[in-house]
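To start, the structure under review is shown below, and the notes come after it.
The values are calculated or read from the model by the stated rules, or taken from the named source; none is laboratory data. What you see is a predicted model, and the numbers here were worked out from it, not measured in a lab. FYI the Cβ positions are ideal-geometry reconstructions off the backbone, even for glycines, and counts take in every protein chain you see. Areas reflect the complete protein model, heavy atoms only, side chains present, ligands, DNA and RNA absent. Shrake-Rupley method; radii C 1.70, N 1.55, O 1.52, S 1.80 Å.
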Amino acid sequence: MALSPLSVPENPFDFRAPPPSPVASAHRSCVTNDEVLSEFLQHSLRVPDLILPDKVFPRQKFVDNPPKIDFQALKSMQTETLPRILDSIATIGCFQLVNYGIPMESIRSALKAAAGIFQLPPQKRTAVTRSPEKLYGFEEVHEEDEGEVSEEFVWCKAKALELAMEGIWPVGYSNFSEKMETLVAEMEKVAEKILIFFREIYQQKTGRSEKEKMEGEDGNGWACYVYKHGGNVSAEKWRSCLRYDVMKMLIGGMDYSHTLCLHICDGSSEFHVYSKKGWVSFCPHQHALVVTVGDQTQCCGYSQALSGGQLKHVIGRPIYRGEKEEFISMAFLYSPSTTNTRLVGPQKPNTISLSQQAIAAILFTLLYQILVYVYYKF
C-alpha cells in the first residue's frame with residue numbers, strides 16, 4: 001500500500017522529549033515579590049556616601065618669619081646657633097642668612113645682566129628650550145600660558161648651553177655668564193660653610209672622624225634658576241597664575257637634585273615654601289638669603305643624624321605681589337656630589353628610541369622565521 005506524502009511511518013524507536021512540566025503558580029502577588037526584592041537590594045547593596053572636600057586646592061598658611069642667622073656665627077661654630085637652625089628647618093624647611101659677606105654690587109650686577117635674557121624674542125628661545133633630555137634653558141611656554149606672571153631660565157656650566165646661547169645672544173651672554181660665575185664663586189663659599197657646620201655636628205653625634213666624608217661629598221655642582229617677575233599684573237590674573245604655580249611646584253618640583261638652595265629675593269613681598277605636607281609663606285628680611293633644604297639631605301644621613309629625620313625637603317619661591325616694575329630673582333642649587341652630572345651638563349638618558357625598537361622587532365621576526373624553517377626542514 002502506497003503511503004501518502006503526509007503520512008508518517010510508525011517507528012518503535014522514535015524517542016521524543018517529554019512535554020515541559022507545568023509551572024507552579026506563585027503563592028505571592030507581584031507586588032509582594034517586588035517588595036521583598038527591594039528590601040534585599042537595600043540591605044545587600046549599600047553604596048557608601050561619597051563626600052568630597054570643599055577645596056581641593058591646598059590652603060596657604062602664614063607663619064612667623066624664620067630666624068635670621070648671622071653667617072659669622074656659622075664661621076665661628078657657635079653652638080647656640082644650631083638649635084635655631086634645626087628648629088627652623090624642621091618647622092618650615094628653611095632659614096634666613098644675613099651678614100654673609102657677598103658684596104651687594106656683585107648681586108645687583110648679576111641681576112641686571114640676567115634681565116637681558118628675557119628680552120630675547122620667542123623664536124630665538126626655541127633653540128634653548130628645556131626638555132627631558134635638556135634640563136637647562138627657557139621653560140617651555142604653550143599658547144595658553146603666554147603672558148605668565150613670571151618667566152624662568154635655568155643656567156648651568158654646560159658647554160652645550162654656552163654654545164647655544166652665544167649663537168642667539170653673543171655679546172650679552174658672555175657678560176651674563178661672567179657675572180654669574182663671579183656670583184657663583186661667592187655663593188659656593190657660603191654653601192660650603194653651611195655644610196661644614198652641619199658636618200661638624202653630624203660628626204659629633206655619630207662619632208665619625210673628620211677625615212671621613214658623608215656619602216656623595218666628593219665634589220660639587222651648581223645650577224641656577226633665574227626668574228623674571230612681571231609688573232602691573234591684575235589681581236585676578238595674579239591669583240590664577242599663583243594657583244598654577246603652586247600646583248606645579250607641589251607636583252613637579254625641581255628637575256635638579258640638590259642639597260641646599262640659596263635664594264636671592266630682594267624686594268619680594270612674600271616667600272612661599274612648598275613641601276609634601278603643605279604650603280606656608282612669610283615675609284623675608286630685606287637683603288637676606290633664604291636657605292632651603294634639598295632632597296639630598298634625606299638620603300645622605302644629615303636629616304636623621306641632625307634632627308632624627310625631621311629636616312624637610314622643601315621648594316622655595318619668592319612672590320612679588322602688586323609691584324609696578326619687573327623684578328629678577330635667583331635660586332642657586334648646590335650639590336656636593338659629582339654623581340649629579342646634570343649640574344655640569346645634562347646627560348642623555350639610557351633609553352631605546354622607537355626606530356631602534358622597530359629594527360629589533362624586525363630582526364627578531366626574521367630570526368624566528370629562520371628557526372621555524374630549519375626546524376621543519378631538518
*Being at pLDDT 80 or above, among the polar types (S, T, N, Q) and under 20 Å from the mean Cα position of the chain (by Cα), is that true of even one residue in segment 293-316?*
no
*Which of the residues belonging to segment 318-338 are within 16 Å of Cys241 (Cα to Cα), touching an Asp or Glu at 6+ places or on another chain (Cβ under 8 Å) and open to solvent by 10 Å² or more (accessible area, probe 1.4 Å)?*
Ile319, Arg321
*Identify the single condition in (1) open to solvent by 40 Å² or more (accessible area, probe 1.4 Å); (2) within 26 Å of Ser281 (Cα to Cα); (3) not charged (D, E, K, R) that Ala90 does not satisfy, given that it satisfies every other one.*
(1)
*Failed condition for Lys277, given (1) at pLDDT 65 or above; (2) open to solvent by less than 50 Å² (accessible area, probe 1.4 Å), with all others met?*
(2)
*Considering (1) without any contact (Cβ under 8 Å) to a residue 24 or more places away in the chain; (2) more than 14 Å from Phe332 (Cβ to Cβ), say which one Ala127 fails and leave the rest.*
(1)
